[in-house]
1. Can you work out the base-10 log of I(q)/I(0) for the stretch 65-116 at q = 0.21 1/Å, using the Debye formula on its C-alpha atoms alone?
2. Give, to the nearest whole percent, the P(r) tail of the stretch 144-186 beyond 17 angstrom, counting all Cα pairs.
3. Starting from a Cα-only point model with no solvent, please compute log10 I(q)/I(0) by Debye for the stretch 44-90 at q = 0.15 1/Å.
4. To the nearest µm²/s, what D does Stokes-Einstein give for the stretch 135-230 at 20 °C and 1.002 mPa s, using the Kirkwood radius over alpha carbon pairs as Rh?
5. Using just the C-alpha positions of the chain as equal point scatterers, what log10 of I(q)/I(0) does the Debye formula give at each q in 0.09, 0.11, 0.13, 0.18 1/Å?
6. Would you calculate the convex hull of the Cα atoms in the stretch 29-140 and tell me its volume per residue in Å³?
7. Could you give the length gained on full extension between residue 142 and residue 161, defined as 0.36 nm per residue of separation minus the Cα-Cα distance, in nm?
8. Where does the chain land at 222 nm, in deg cm²/dmol rounded to the nearest 500, when only DSSP H runs of n ≥ 4 count, each adding -39500 (n - 2.57), divided by all residues?
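Just so it is clear, none of the values below were taken in a lab; they were calculated from the coordinates. Since the structure is predicted, the reported quantities are computational estimates derived from the model, not experimental observations.
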């Protein structure tokens, strides 16, 4: 069973477009978890063809939202779990290509914006985000002897056994959750494959500000060192 999970927060303007763009015939179910939005996201979600709509009773955070999504997906018997942001920053039409990677032996698939030199920059990725992404990815590749083009994409998919083997509930509820997950995956030597996903930055797309980006970058370096010596 292929399940798409949507971590929602204040996405009322883009959620419908994202759900409608999910290719038919390759996804069995969709789960949406709303992290206590202060707009009409939950109402929009309930009006769409989403199989499971869950509302947090308070704001937990991006990582906390994913924890609820993965626990629900695993309880439904998912084989492949695809995490897609409902702000339309990532293209849902790449889902069939993601699934193909699993058929070719992947345990984890990352949709990378950084596979082609400066392409993300030309497509609108903020200057500071682009070079910070490159810098942090270079550090992590060096520490973990990997050759990934990006550690920081929010568009990623997992086989169920990968999620079942990781104590993801012990990880951060904040944005660093994605990076912690990837470090756990690398430590466990799972097969990671990447596909190209063009960067997309529009007014309605959510993004963390410079202050939180700096905090995220420092946490990436800190956790990378901590995981290395565990």
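1. With no solvent term, the Cα-only Debye profile gives -0.94.
2. 33
3. Each listed q maps to, in turn, -0.46.
4. Answer, rounded: 147 µm²/s.
5. Taking Cα atoms of the chain as identical point scatterers yields -0.33, -0.51, -0.74, -1.58.
6. Values: hull volume 17.4 nm³, N = 112.
So the per-residue Cα hull volume is 155 Å³.
7. Result for the pair: 4.1 nm of gain on full extension.
8. On the way: 9 runs with 95 residues, N = 230.
Value at 222 nm, helices only, nearest 500: -12500 deg cm²/dmol.
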